[in-house]
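Report on one structure; see the data block that follows.
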Amino acid sequence: MQMLSGLGRSKYIPLIILFTLAVLQSCRKDPKEMTKAELADELSKEKHYSKLLEFSQKAGVNVSKFQPGKDNAPVFALLEEISFGHKPAIRYTEKKIASDTALIRVAAEELVKGQSVEKVMEKLEPVFPVYHNLKIHYARLIEAKKTDSAAYVAEALNAYRWIHRQIQGSPRFVMVNIRGAYLTAMDSSGKNALSMRTVVGKNDTPTPTIDTYATSIVTHPYWNVPKSIAIKEIFPKAMKDPEYLSRNRIEIIDNKGEAVDPEDIDWEELTAEKFPYRFRQETGEDNSLGLLKVEIKNPLAIYLHDTNARYLFNSNQRWRSHGCVRVQKPTDLANYMAGMKLLDNDFMTEPDTVSTPPKWHKLKARIPVFLLYLGADCNEKGDVMYFPDVYKRGAPKA
């Protein structure tokens, strides 16, 4: 056989290279068949992970927590963070929802296949319009070196990632920003369906941050006076003024749940600390809860409710309550939470001169409710808004 000349051999080199690449490609494991560890190893390579870190940093993630180690990088932890965030400063959380690991795995597979980080993250991050707008403002603030303002926006970005985690499977949710004294109700895609002012806790009785869900709507609710208010406010007034309780339609209830006649009580023998009864205000427009209450699951006796002092919503200083959240449009909120027309529009204007028994309307779907303390947020126009630190809690922590 005659050997090929050097020139003859050279023309086959490109074919040999292509053949070799084809063989290597055919030997490469399908990402869908790779284990989680194998996916992590592949994405730990600098060409992949540096892009992930860069993208995450632009979304307000503190990437110092996700730097690569000696063996590999915390790939899946970073993917979970960019999609579902970490728990904000919340006093009470009813239940931490597990992240969607299937969604995160699909994202890892797509990245290994060569899909761009930006394209993959579109399916992983919250789709909420407010989240998208906050990202735009964050990038602008970082570029302008306004790091203090950027930190508040980063805090809000994480809060919405956390909401993305906690609302999985829910048709809608409600968020109260205590620091801004307002409420927004959104559907599962983050589309704003309802906005209203709120009245929240005073400095000495702050509204606690809570992550929970609504259980029922109560029309014509009783106000079972919390012990702290009973001791500090109701008992001293009842001691001084015999007509105070009847004038404010407040009953004295014993441990059997029965009403006690105030005249049958020896007030001089009692003290506020050793008062063996509780106070309950009758239903009606004069009731401190107004005509409607939204019960949310928590051990702190916090709920959303109407008020008999609706003029307070006209004020910009709406940190006036004992801790519960008074809402400006209770009927609209109740109907949205129920997913149906539970109450007529004129419910709040009906004459209510007599006591009407409370009625409970149990919600059929799980409706998450978040009471958060955010220094920044976006309005429906996409403008960034900043709010005063009414409880003096200081700058956000990463």
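The values are calculated or read from the model by the stated rules, or taken from the named source; none is laboratory data. These numbers come from a predicted model, not from an experiment. Don't worry about glycine lacking a Cβ; one is built from the backbone with ideal geometry, like all the others, and counts go over all protein chains shown. Keep in mind that these areas ignore ligands, DNA and RNA; they rest on the heavy atoms of the full protein, side chains included. Shrake-Rupley method; radii C 1.70, N 1.55, O 1.52, S 1.80 Å.
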Notebook entry, point to check: GNM on the chain, C-alpha springs below 10 Å: top fluctuator among 52, 374, 270?
Noted result: 270
Checklist line | Cβ-placed point charges (K, R +1; D, E -1), dipole of the chain about Cα centre in debye, nearest 20 | finding: 1960
Item checked: Selected from 67, 151, 133, residue furthest toward positive end of dipole (region 44-178; charges at beta carbon) -> 151
Checklist line | Normalised alpha carbon radius of gyration of the chain [divisor 2.2 N^0.38 Å] | finding: 1.36
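Rounded to the nearest 20 Debye, what is the dipole magnitude of region 83-145 about its Cα centre when Lys and Arg each give +1 and Asp and Glu each give -1 at the C-beta?
Using Cβ point charges on Lys, Arg, Asp and Glu, region 83-145 gives about 280 debye.
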Next item on the list: Extending each Cα 7 Å along its Cβ direction at residue 346 and residue 216, get the distance between those two points in nm, one decimal.
Entry: 2.8
Next item on the list: Under 1.5 on a/c is rounded, so check that first for region 279-367, then, if it is not, pick prolate when a/b is larger than b/c and oblate when it is not; a ≥ b ≥ c are the square roots of the alpha carbon gyration tensor eigenvalues.
Entry: rounded
Item checked: Overall dimensions of region 39-80 by Cα: Rg and Dmax, Å -> 9.3, 26
Margin query: When the expected Rg is taken as 2.2 N^0.38 Å, what fraction or multiple of it is the alpha-carbon Rg of region 208-250?
Written below: 1.60
Margin query: I'd like the orientation of helix 101-113 relative to the chain: the angle between its Cα long axis and the longest Cα principal axis, in ° from 0 to 90, rounded to 10.
Written below: 20
Checklist line | Residue among 76, 222, 186 farthest towards the positive dipole end of the chain, charges placed on Cβ | finding: 76
Note to self: If I build a Gaussian network model for the chain, linking alpha-carbon pairs within less than 10 angstrom, which residue out of 231, 90, 163 has the largest mean-square fluctuation?
What the structure shows: 231
Check: At what distance in nm do the modelled label points of residue 196 and residue 45 sit from each other, each positioned 7 Å from its Cα along Cα→Cβ?
Finding: 5.6
Next item on the list: Using a Förster distance of 22 angstrom, determine the FRET efficiency expected from the C-beta separation of residue 229 and residue 260, and round it to 0.05.
Entry: 0.70
Check: How big is region 119-219 in terms of Cα radius of gyration and Dmax, in angstroms?
Finding: 15.4, 51
Checklist line | Extension gain (nm, one decimal) between residue 188 and residue 103, 0.36 nm per residue minus Cα-Cα | finding: 28.9 nm
Notebook entry, point to check: Which ³J(HN,Hα) values, rounded to whole Hz and listed in residue order, are derived for region 200-211 from phi using the Karplus coefficients 6.51, -1.76 and 1.60 in 6.51 cos²θ - 1.76 cosθ + 1.60 with θ = phi - 60°, glycine and proline given as x?
Noted result: 10, x, 6, 4, 8, 9, x, 6, x, 6, 9, 10
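For region 244-377, report the accessible area per residue in Å² (1.4 Å probe, heavy atoms, rounded to an integer). Walk me through the numbers before you get to the answer.
Working: 7120 Å² over 134 residues.
Per residue, region 244-377 has 53 Å² of solvent-accessible surface.
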Check: For region 38-95 and region 245-319, what is the separation of their Cα centres, given in Å?
Finding: 48
Next item on the list: Subtract the Cα-Cα distance of residue 87 and residue 272 from 0.36 nm times their separation in residues, and report this length gain in nm to one decimal.
Entry: 62.7 nm
Margin query: Using 0.36 nm times the number of residues separating residue 383 and residue 35, minus their current alpha carbon distance, what extension gain do you get?
Written below: 120.9 nm
Check: Which one of 375, 335, 99 has its Cα pushed farthest toward the positive end of the charge dipole of the chain, where Lys and Arg give +1 and Asp and Glu give -1 at the Cβ?
Finding: 99
Next item on the list: With a 1.4 Å probe and every protein chain kept in, tell me what percent of the accessible surface of region 295-367 is carbon plus sulfur.
Entry: 51
